[in-house]
Amino acid sequence: MSIEFGETRLSNGPSAFVMSVVLREGPLAVGWQHASATCEFLGETFATRHAKAGRDYSDARHSIIYLVNELIENAIKFRSPGDIEINCSLEEGNFELVVKNHASSAMASRFQSILAEVTAGDPGELLIQRIEANALDENSSASGLGILTLMSDYGARLGWTFIDAPAGDTVTLSTNASLSLN
């Protein structure tokens with residue numbers, strides 16, 4: 001069974017500049033420090049490529065780093081032990097990212113609840129509501145702030161696909177993002 005939220009279709013074609021990175025589960029385990037190092041590497045690589053086409057390097061680097069970091073951190077937060085696959089492409093100022101990981105059914109269900117809320121309305125209005133909830137209640141978790149910031153402030157188009165594994169309690173989660181750097 002497959003469940004989708006948001007915009008799951010990507011548009012970059014075969015002429016796009018492409019890079020794939022896999023954060024492998026191993027003795028050191030995949031952790032937050034991997035998100036930081038990976039987003040810096042990908043931000044630098046794709047912003048440099050973007051600038052070679054005569055476009056703004058700094059803004060592209062910042063936007064790519066923020067996007068990649070948010071999505072890798074979510075993959076780390078909502079996952080079962082295992083690898084995290086990251087696939088990026090850039091074509092004519094359109095940066096696309098797919099982050100794939102595995103999650104338990106319980107974690108996937110929790111994340112789907114968050115996504116149902118953050119994709120239900122206007123991202124800008126929902127972001128303000130979540131920020132206000134945090135300000136009024138110090139115990140508020142205000143989940144989804146990063147996702148809402150990406151959609152509201154960066155214009156990112158985000159989508160999520162959850163696919164149940166044929167056997168077991170595992171779900172494959174693919175997070176797709178598209179960001180115009182022009």
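For (1) at positive phi; (2) of a type outside the set (Ser, Thr, Tyr); (3) in contact with a Phe, Trp or Tyr (Cβ under 8 Å, 6 or more places away or on another chain), each residue gets a yes or a no:
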| position | (1), (2), (3) |
| --- | --- |
| Ala103 | no, yes, yes |
| Ser109 | no, no, no |
| Gln112 | no, yes, yes |
| Thr119 | no, no, yes |
| Asp122 | no, yes, no |
| Ile131 | no, yes, no |
| Asn134 | no, yes, no |
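Tell me, which strands (runs of 3 or more DSSP E) lie completely within the range 83-182 with 2 or more residues that are of a type outside the set (A, V, I, L, M, F, W, C), at pLDDT 95 or above and crowded, with 21+ Cβ neighbours inside 10 Å?
170-180
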Checklist entry - Inside the range 119-172, can you point out the residues that are within 20 Å of the chain's Cα centre (by Cα) and among the polar types (S, T, N, Q)? => result Thr119, Ser141, Ser143, Thr149, Ser152, Thr161, Thr170, Thr172
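Suppose we filter the range 10-47 for residues that are part of a helix (DSSP H, G or I), among the hydrophobic types (A, V, I, L, M, F, W, C) and modelled with pLDDT under 85; how many remain?
So the answer is 2.
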Checklist entry - Could you list, in sequence order, the residues of the range 111-121 that are of a type outside the set (Val, Ile, Thr), over 13 Å from Glu4 (Cα atoms) and in contact (Cβ under 8 Å) with a residue 12 or more places away in the chain? => result Glu117
Checklist entry - Only one of these conditions is not met by Lys52: (1) charged (D, E, K, R); (2) in contact (Cβ under 8 Å) with a residue 24 or more places away in the chain; (3) under 21 Å from Ser15 (Cα atoms). Which number is it? => result (2)
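The values are calculated or read from the model by the stated rules, or taken from the named source; none is laboratory data. Computed from a predicted structure; not experimentally measured. Don't worry about glycine lacking a Cβ; one is built from the backbone with ideal geometry, like all the others, and counts go over all protein chains shown.
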